[in-house]
């Protein structure tokens, strides 16, 4: 059987942690799940940002591996800094949406190489019907006199630090919920029985850096999306 | 205390060996090697050539005081782009590797850059995350990482207590401060930095600063020892108070317009006066 050491350890860790007490999901409740793509996520700090924001807010959440998720128990699935989105993660996202969960999918492709960007764009287009444009550098000459904040309009107005590069959204169905420099960079739309929230500008690094506005936005998003304990 | 000066002070047309002769004749005990700043010491310089550099330093009757680099100004550990951060980490690792080859136990790095684009809180966190594993690697090699206080240029860790807290957060005995007494400008007093950091000081960079002059064109705020606003008797007193007996490394930004070798002699004499306390 072709299995890498990393993958085996991933399975083993999933089995072990599934039996541990702590921030696991209550069998009778639906909660927040953080899907860690490991090498598929390009900013570890983004994952750390979501973890610290959820923990400091006292939210009920758990970290999951795509292969070991129980979709029916997931109210909100967060996918930080996605770069490569492997098939099990795609299946987890689609299953959660079909089961009625909200999925916050954060793209981390702004700094990626062209080849990685194209692969990312294909997965978003083919499996989630999200259309993105090529990354835009918000600081092209490094001499800007103003900060290109990301202005969110839903679920609450919020102004969050940019992360230097964004992937703007193409024309498509759904409601644009954030813009930066006039570019649409986040949307929400119904998908299956659930709701997809796509972020083209990473929020995780701002959470990680302790940005209070970013944290309030996330928690409001979780409440609106139905994450119990949020 | 021992005196050293950076090899980036050597006039480029002189070459390394002639420069070493000058450093020795001027009265220095050692030389600071700047990775990436001179033709003879680049990231791509193989180990065999680094060993050859050491042989030349030995032959000149000198030792390597420490390895420094300015490469982190272009590729900081605090960059948002993971590829840039990876390059920054590689620079530190190469500094450690070459320090071992060159027989020294200290390296310098500029830990992070706060910019309009990359805010302070991100820089702080990213530097911690980078330095913790780097500290472990350095410790295994018997090398200490000295994070330089580049206050005004770096816009990071501006006060000594801030720097102290940062080192506490890194929490590695192999990560300390490479203190530059010229970089504090009018945001504080070098002698207080020395008192606060004491045993955490890996090396001390010496230069003087004109605190009331802003950078203007090619006019430097930095100047030769005793020409600026540093309180040198207080700095010397603080070194004694904390028992600092390590390397003093001259780092002159403004160069003599004529007779560049004279700056080496003048700097060495000034450092002798500082060490002897005859101020």
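Read-outs throughout are calculated quantities, based only on the coordinates presented, and are distinct from any laboratory measurement. Remember, predicted model here, so these are calculated numbers, not experimental data. Glycine gets a Cβ as well: all are built from the backbone with ideal geometry, and neighbour counts include every protein chain shown.
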Notebook entry, point to check: How far, in nm, would the chain grow between residue A:114 and residue A:176 when pulled straight, counting 0.36 nm per residue and subtracting the alpha carbon separation?
Noted result: 19.8 nm
Check: By per-residue mean of other Cβ atoms within 10 Å, what is the highest-first order of B:98-108, B:249-259, A:202-212, A:86-96?
Finding: A:202-212, B:98-108, A:86-96, B:249-259
Notebook entry, point to check: How far apart, in nm, are the 7 Å Cα→Cβ label points at residue A:70 and residue B:218?
Noted result: 7.2
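Please give the contour-minus-distance gain from residue B:1 to residue B:74: 0.36 nm per residue of separation, less the Cα-Cα distance, rounded to one decimal in nm.
On the way: separation 73, 0.36 × 73 = 26.28 nm, distance 3.25 nm.
Extra length available between residue B:1 and residue B:74 comes to 23.0 nm.
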Next item on the list: Rank B:84, B:64, B:170 by mean-square fluctuation in a GNM of chain B with C-alpha springs under 10 angstrom and give only the top-ranked residue.
Entry: B:84
Note to self: With n ≥ 4 as the cut-off for DSSP H runs, can you work out [θ] at 222 nm for chain B, using -39500 (n - 2.57) per run divided by the number of residues, rounded to the nearest 500?
What the structure shows: -13500 deg cm²/dmol
Item checked: Residue-span extension gain [residue B:51 to residue B:278] - 0.36 nm each, minus C-alpha spacing -> 77.9 nm
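What ranking, highest mean first, results for peptides B:27-33, A:106-112, B:232-238 when packing means the other Cβ atoms within 10 Å averaged over each residue? Kindly include the intermediate steps, with their values, before the conclusion.
Numbers: B:27-33: 22.9, A:106-112: 25.9, B:232-238: 17.9.
The peptides rank, most packed first, as A:106-112, B:27-33, B:232-238.
What FRET efficiency comes out for the pair residue B:187/residue B:254, r = Cβ-Cβ distance, R0 = 22 Å, nearest 0.05?
On the way: r = 21 Å, r/R0 = 0.93.
FRET efficiency, residue B:187 to residue B:254: 0.60.
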Next item on the list: Describe numerically, in nm with one decimal, the distance between label points set 7 Å from Cα along Cα→Cβ at residue B:227 and at residue A:223.
Entry: 6.3
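I'd like the mean, over residues of A:207-219, of how many other protein chain beta carbons sit within 10 Å of each residue's own Cβ. The partial results should precede the final answer.
Working: counts 0, 5, 9, 4, 3, 0, 0, 0, 0, 0, 0, 0, 0.
Mean shielding by partner chains, rounded to a whole number: 2.
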Next item on the list: Under a 10 Å cutoff between Cα atoms, tell me which one of B:228, B:61, B:214 has the largest fluctuation in the Gaussian network model of chain B.
Entry: B:214
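From other protein chains only, count the Cβ atoms within 10 Å of every residue's Cβ in B:48-54, then give the mean.
Taking the mean over all residues of the peptide, I get 0.
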Next item on the list: Run the quick spin-label model on residue A:189 and residue B:169: label points 7 Å from Cα toward the beta carbon, then report their separation in nm to one decimal.
Entry: 4.0
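When a footprinting reagent is the concern and you count Cβ atoms within 10 Å, what order do A:197, A:132, B:145 take, fewest first? Mind showing how you got there, number by number?
Numbers: A:197 24, A:132 21, B:145 27.
Fewest-to-most Cβ neighbours within 10 Å comes out as A:132, A:197, B:145.
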